[in-house]
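Engineer: First the structure, then my questions, so here it is.
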């Protein structure tokens, strides 16, 4: 498997490598099926059970064909992350408005990367048969202020009970300079924590499922 992240930097359909001002990334291996870990990422109503950085999510709207009260992140979901940047100030939230820009699974691969000519870019896993992918991009206030961002998660199948998670975000636009100056190291830390907590939750749920099956 190629070295990741790539040495010449990360990119996304929203922010090219040339226009990227700030990127943050992290990865980890998880002893749980990729499909289970992917489900945890998409189940926004249970973020508070494992996610210190984003303990709550507000869903604003779901696309046609999805129940309006569904908390599952699907293609086109509009939502807000209630971000806690400082755990010493748990009541101070940074509200981040987002929309799911892509969902791809081995069973139902999307054409999102192909449409942007990025299917072979080293930022992403080329083997669509072994990757679950979800991404979301900023909208609302951040875009109006000149911040373009897109964050990806890839859950890569390593085996029946093993996977690797890669997550990264690329930022561009005028406001990205301010974010870089104020939060570069903080974001780096939180991306690592996100992966650690996702690993812990994925392995916990998988062990519980195996125990239930044995009983």
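Engineer: So how many residues does segment 64-74 have that are touching a residue at least 24 places away in the same chain (Cβ under 8 Å), surrounded by fewer than 17 Cβ atoms within 10 Å (Cβ to Cβ) and either in contact with a strand residue (DSSP E or B) (Cβ under 6 Å, 6 or more places away or on another chain) or assigned to a loop (DSSP other than H, G, I, E, B) (or both)?
Structural biologist: The number of residues fulfilling the criteria is 1.
Engineer: While we're looking at this one, here's another question. From the list 185, 160, which one is out of contact with any strand residue (DSSP E or B) (no Cβ under 9 Å at 6 or more places or on another chain), over 22 Å from residue 46 (Cα atoms) and touching a residue at least 60 places away in the same chain (Cβ under 8 Å)?
Structural biologist: 160
Engineer: Inside segment 85-98, can you point out the residues that are touching a helix residue (DSSP H, G or I) at 6+ places or on another chain (Cβ under 9 Å) and either assigned to a loop (DSSP other than H, G, I, E, B) or without any contact (Cβ under 8 Å) to a residue 24 or more places away in the chain (or both)?
Structural biologist: 85, 86, 95
Engineer: To continue, here is another question. Go through segment 18-63 residue by residue and tally those that are assigned to a loop (DSSP other than H, G, I, E, B) and either touching a helix residue (DSSP H, G or I) at 6+ places or on another chain (Cβ under 7 Å) or more than 21 Å from residue 138 (Cα to Cα) (or both).
Structural biologist: 10
Engineer: Also, quick follow-up: Do we find that residue 57 is over 16 Å from residue 167 (Cα atoms) and crowded, with 18+ Cβ neighbours inside 10 Å in this structure?
Structural biologist: yes
Engineer: Among residues belonging to segment 81-96 that are crowded, with 17+ Cβ neighbours inside 10 Å and under 20 Å from residue 148 (Cβ atoms), point out the one that is modelled with the lowest pLDDT.
Structural biologist: Only one residue tops the list, namely 96.
Engineer: Hey, residue 164 hits all of (1) within 18 Å of residue 4 (Cα to Cα); (2) touching a helix residue (DSSP H, G or I) at 6+ places or on another chain (Cβ under 8 Å) but one; which does it fall short on?
Structural biologist: (2)
The values are calculated or read from the model by the stated rules, or taken from the named source; none is laboratory data. Bear in mind the structure is a predicted one, so any value in this text is a computation, not a measurement. Methodologically, a virtual Cβ is constructed for each residue, glycine included, from the backbone with ideal geometry; neighbour enumeration extends over all protein chains shown.
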